[in-house]
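Asks: Once you've had a glance at the structure underneath, I'll fire off some questions.
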Amino acid sequence: MALKIPGIIKDALENVFRKPATIEYPKKKSPVPKGFRGRIVIDDKCISCGACVRACPARAITLEKTKISVWTLRCINCGRCVEVCPVKAINFTEEYEIISGDRNESFVHNYRMVKCRVCGKEFDNLRKLEMMAEKTKQPIENFTICPECKQKQAAEVNK
């Protein structure tokens with residue numbers, strides 16, 4: 001009489017000597033599929049226009065005078081910010097390990113600010129002013145006076 005081996009034991013014995021069916025994560029990273037939406041990054045092309053902030057349904061993007069931040073855990077990876085960015089400064093990475101213990105973790109991009117040539121106060125994003133100069137075909141120096149100093153100069157001219 002032949003010895004009958006229950007199905008589960010038979011399957012286990014057959015699979016003991018096979019290669020694993022999965023990738024040995026975390027030793028080896030899995031390749032991401034085409035079109036994968038990982039973490040959001042913002043590069044130096046950003047002109048601080050705020051289009052991404054207005055488009056974000058999760059309100060994960062905040063814009064301040066000197067920086068833009070993306071709250072990593074609040075982002076729903078919908079891609080609206082990527083679609084509306086006029087200068088294509090926002091992109092998805094292929095990074096899928098985005099979980100952190102810090103609820104307030106965010107990606108922060110600090111702008112290179114321009115100082116007013118009259119008073120010396122930082123007042124605007126350099127990339128935005130470079131783009132304005134390029135579009136209007138004027139020298140960038142025409143854009144390096146803060147609004148307050150421009151207003152004072154205009155008031156003196158009108159006296």
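Derivation of every value follows stated rules applied to the coordinates shown; laboratory data play no part. This structure is a prediction, so every number in the text was calculated from the model and none was measured. Note: ideal-geometry Cβ built from the backbone for every residue, glycine included; neighbour counts use all protein chains shown.
Asks: Please give the contour-minus-distance gain from VAL84 to GLU64: 0.36 nm per residue of separation, less the Cα-Cα distance, rounded to one decimal in nm.
Replies: Stretched out fully, the VAL84 to GLU64 stretch lengthens by 5.3 nm.
Asks: Would you mind checking LYS65/LYS128; LYS115/LYS150; LYS45/LYS65; LYS67/LYS135 for any pair whose Cα atoms are more than 19 angstrom apart?
Replies: LYS67/LYS135
Asks: Would you calculate the separation in nanometres between label points at GLU122 and VAL157, each defined as 7 Å from the Cα along the Cα-to-beta-carbon direction?
Replies: It is 2.9 nm.
Asks: If you place +1 on the Cβ of every Lys and Arg, -1 on the Cβ of every Asp and Glu, and leave all else neutral, what size is the dipole of the chain about its Cα centre, to the nearest 20 Debye?
Replies: Its charge dipole is roughly 180 debye.
Asks: Can you give the net charge of the other residues whose Cβ lies under 13 Å from the Cβ of PRO20, counting K and R as +1 and D and E as -1?
Replies: Computed value for this residue: +3.
Asks: FRET efficiency for ALA21 and MET113, Cβ-Cβ distance as r, R0 = 41 Å, nearest 0.05?
Replies: 0.20
Asks: Can you put CYS119, CYS49, CYS81 in order, fewest other beta carbons within 10 Å first?
Replies: CYS119, CYS49, CYS81
Asks: Looking at the P(r) of region 1-71, how many percent of alpha-carbon pairs lie beyond 14 Å? Display every interim value, and only then the final one.
Replies: Numbers: 1906 of 2485 pairs.
Tail of P(r) above 14 Å: 77 percent of Cα pairs.
Asks: Moving to a separate point now. If you stretched the chain out fully between GLU94 and LYS137, how much longer would it get, using 0.36 nm times the residue separation minus the C-alpha to C-alpha distance?
Replies: 11.7 nm
Asks: Here's another thing I want to ask about it. So what's the chain giving for Cα Rg divided by 2.2 N^0.38 Å, two decimals?
Replies: It is 1.77.
Asks: For the Cα atoms of the chain, what angle does the longest principal axis make with the long axis of helix 7-16, in degrees from 0 to 90, nearest 10?
Replies: 60
Asks: Which distance in nm do the two modelled labels at LEU13 and ARG74 give, with both placed 7 Å along the Cα-to-Cβ direction?
Replies: Label-label distance for LEU13 and ARG74, simple model: 5.9 nm.
Asks: Which value, to two decimals, describes the C-alpha radius of gyration of region 66-159 once divided by 2.2 N^0.38 Å?
Replies: 1.51
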